[in-house]
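J.: Okay, handing you the structure first.
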């Protein structure tokens, strides 16, 4: 008894699907194993001979490495120590080479629109002058704009980003720690028993909204932020 033509086609299709299923189940693992063996063989071909001892460094390279790792310094080195903050003579005024004359293009647009005073009117009589990484005696301008990519995984990381970008303290460390140099303050006088300090603030410092910065702002920070 012969089967109808339609049932014959169904049986052939079922056998075809079974064949390709077997090919898939056997072929994929075999392909993975073959690829893994090829990787192992390639690794064996390019594997260095670990039985050979590495060449010893030269005395000159050893001395250079030791010098590069040496971070010792004399804290009493004075002007010989690196520092970004530069002492200045306020008597030079606007004619001084370090006096800020340029500004961010964004701020320049606000000045042109009459929404912000010129930079000469916004800067106090004794501004903070910092040498950039390129030096230039405080006359380097740097490059405005750009994108800073940084990963933050905790609240402390976010604080450190703010600390690096906008830290404005009364005094600041130099690259090697010493000397401690003025920043928002010009200096401090201490009593003989070192229990009382009189901090002299830098004149002309203002907040971003133009309001003058003074001792009351520090008292507010101490009372409502640091000790609250």
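J.: Kindly provide the set of residues from segment 197-219 that are in contact with a strand residue (DSSP E or B) (Cβ under 7 Å, 6 or more places away or on another chain) and not in a loop (DSSP other than H, G, I, E, B), ordered by number. Can you show your working first?
T.: The first filter runs over segment 197-219 and keeps only residues in contact with a strand residue (DSSP E or B) (Cβ under 7 Å, 6 or more places away or on another chain), leaving 197-202, 206, 212-215.
Across segment 197-219, the qualifying residues are 197, 198, 199, 200, 201, 206, 212, 215.
J.: Moving to a separate point now. Just the residues that are surrounded by 10 or more Cβ atoms within 10 Å (Cβ to Cβ) and out of contact with any helix residue (DSSP H, G or I) (no Cβ under 9 Å at 6 or more places or on another chain), please, taken from segment 205-226. Can you show your working first?
T.: The first filter runs over segment 205-226 and keeps only residues surrounded by 10 or more Cβ atoms within 10 Å (Cβ to Cβ), leaving 205-206, 212-214, 217-223.
Correct list: 205, 212, 213, 214, 217, 218, 219, 220, 221, 222, 223.
J.: Find the residue count for segment 183-209, including only residues that are in contact (Cβ under 8 Å) with a residue 12 or more places away in the chain and within 20 Å of residue 122 (Cα to Cα). Walk me through it before giving the result.
T.: Step one: filter segment 183-209 for residues in contact (Cβ under 8 Å) with a residue 12 or more places away in the chain, giving 183-188, 199-206.
In the following step, the residues that additionally are within 20 Å of residue 122 (Cα to Cα) were identified as 183-186, 201-206.
Total meeting the criteria: 10.
J.: For segment 167-196, name all the residues that are farther than 21 Å from residue 222 by Cβ, under 22 Å from the mean Cα position of the chain (by Cα) and in a loop (DSSP other than H, G, I, E, B).
T.: 175, 176
J.: Looking at segment 177-196, which of its residues are in contact with a strand residue (DSSP E or B) (Cβ under 9 Å, 6 or more places away or on another chain) and loosely packed, with under 10 Cβ neighbours inside 10 Å?
T.: Those that are in contact with a strand residue (DSSP E or B) (Cβ under 9 Å, 6 or more places away or on another chain) and loosely packed, with under 10 Cβ neighbours inside 10 Å: 189, 191, 196.
J.: State yes or no: is residue 55 part of a loop (DSSP other than H, G, I, E, B), at pLDDT 85 or above and either out of contact with any strand residue (DSSP E or B) (no Cβ under 9 Å at 6 or more places or on another chain) or exposed (fewer than 10 other Cβ atoms within 10 Å of the Cβ) (or both)? I'd like the intermediate steps shown before the answer.
T.: Values: part of a loop (DSSP other than H, G, I, E, B): yes; at pLDDT 85 or above: yes; either out of contact with any strand residue (DSSP E or B) (no Cβ under 9 Å at 6 or more places or on another chain) or exposed (fewer than 10 other Cβ atoms within 10 Å of the Cβ) (or both): yes.
Yes: the conditions hold for residue 55.
The values are calculated or read from the model by the stated rules, or taken from the named source; none is laboratory data. For clarity, every value in this text was computed on a predicted model and none was experimentally measured. All Cβ positions, glycine included, derive from the backbone under ideal geometry; neighbour counts span all protein chains shown.
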